[in-house]
Amino acid sequence: MADTEPTGAPGADPLIALRDALRVFAAERDWDQFHAPKNLAAALSVEAAELLEPFQWLSEAESAALPPETLEAVRREMADVLLYLVRLADRLDVDLVQAAREKMVLNAAKYPVATARGRSTKYDAL
């Protein structure tokens, strides 16, 4: 992906640079025809499941201390998840950073510190 590596001016938004590199990457391969939002969401789901696989059957301690080769596999799956998510957001014209900020505000209202601190209870059962 040498010709489509995310680049930009100093201070440029790295998520925008990544989005732009993905646009070029897909266009060079004529993949836009396959990148319908439904297909990207499905691919994202598959990659998220692949991210989970190395953790299957591990204890909490084992999952926090992965051997280098497993950590590298997890790192690559995380990258796949991010790439599909950025591509899906681009196809739907969603500003991921703004959406995440808005979601954090909603989560703060659903999980007030006074009732949620130290608890994993779902908001509707707090």
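The values are calculated or read from the model by the stated rules, or taken from the named source; none is laboratory data. Computed from a prediction, not measured in an experiment: that's the story for all the values here. Note: ideal-geometry Cβ built from the backbone for every residue, glycine included; neighbour counts use all protein chains shown.
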For region 17-126, which helices (runs of 4 or more DSSP H) that fit wholly inside it have 2 or more residues that are without any contact (Cβ under 8 Å) to a residue 40 or more places away in the chain and of a type in the set (K, R)? 68-92, 96-110
For region 72-119, the count of residues that are hydroxyl-bearing (S, T, Y) and closer than 26 Å to A27 by Cα equals 1
So Y111 ticks every box in (1) surrounded by 15 or more Cβ atoms within 10 Å (Cβ to Cβ); (2) in contact with a helix residue (DSSP H, G or I) (Cβ under 7 Å, 6 or more places away or on another chain); (3) assigned by TED's automatic domain parsing to the domain that holds L18 but one. Which box is left unticked? (3)
Test R75 against the criterion of being basic (K, R) and either exposed (fewer than 14 other Cβ atoms within 10 Å of the Cβ) or over 14 Å from the mean Cα position of the chain (by Cα) (or both), and give yes or no. yes
Looking at L106, L83, L66, L40, can you tell me which residue is farther than 27 Å from A21 by Cα and buried (at least 16 other Cβ atoms within 10 Å of the Cβ)? L66
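So, V24, is that one β-branched (V, I, T) and outside the structural domain of Y123 (by TED's automatic domain parsing) or not?
Here the answer is yes, as V24 does meet what is asked.
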Please determine whether any residue of region 44-57 is within 16 Å of the chain's Cα centre (by Cα), surrounded by fewer than 13 Cβ atoms within 10 Å (Cβ to Cβ) and polar (S, T, N, Q). yes
